[in-house]
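Peer 1: Pasting a structure below so you can have a look.
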Amino acid sequence: MKLWIVAAAIGALSLAGCQKPGETPPSSMGGFHSKGRYFGVGLYPAGRMWEQVVSAEAAKNPAAAQPKDDEQVIVVLDSATGELRQCGNLSGACIAMNPWSKPLVASHQAPVLVGKHAGDLDRENDEADAAAARQGQAQIRVRVKAK
């Protein structure tokens, strides 16, 4: 199975080298994008939560792959609608998200309210590190006096 994935990756990479620079315009996502509707975002390992995806269309054939059999998750963006779709490489099970389907609530619009600012978190971390260092020095002094 892994040999098949490696062979497919080598084939895809060799075909990608056939494109002449400047044939396709750069996309707004920073890479080169064809004039097609779907944009490949990437391939990701199927994590432990992917196995928990319950497909509404259960396979009728018990030999058919299920989400727990997927080794990769293929992620594509529909450039016409903004929908982001994730599909298993063996089961074909897909989930979708479209952040553009409804307007954001006011609390999610910039500027966003935060509980603590980055500077506050940095200061807390510095204070915790300093306290830990003082604690470590105090323990070393106690051990030296005990000997």
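The values are calculated or read from the model by the stated rules, or taken from the named source; none is laboratory data. Model, not experiment: these values are computed from the prediction. With ideal geometry, Cβ positions are generated from the backbone for all residues, glycine too; neighbour counts draw on all protein chains shown.
Peer 1: Counting just the residues of the stretch 16-36 that are of a type in the set (A, V, I, L, M, F, W, C) and surrounded by 10 or more Cβ atoms within 10 Å (Cβ to Cβ), which one comes out modelled with the lowest pLDDT?
Peer 2: Met29
Okay, residues lined up against (1) touching a strand residue (DSSP E or B) at 6+ places or on another chain (Cβ under 9 Å); (2) within 25 Å of Val41 (Cα to Cα); (3) of a type in the set (Gly, Ala, Ser):
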{"site": "Asp69", "(1), (2), (3)": "yes, yes, no"}
{"site": "Thr81", "(1), (2), (3)": "no, yes, no"}
{"site": "Cys87", "(1), (2), (3)": "yes, yes, no"}
{"site": "Ser91", "(1), (2), (3)": "no, yes, yes"}
{"site": "Ala96", "(1), (2), (3)": "yes, yes, yes"}
{"site": "Pro99", "(1), (2), (3)": "yes, yes, no"}
{"site": "Lys102", "(1), (2), (3)": "no, yes, no"}
{"site": "Lys116", "(1), (2), (3)": "no, no, no"}
{"site": "Gly119", "(1), (2), (3)": "no, no, yes"}
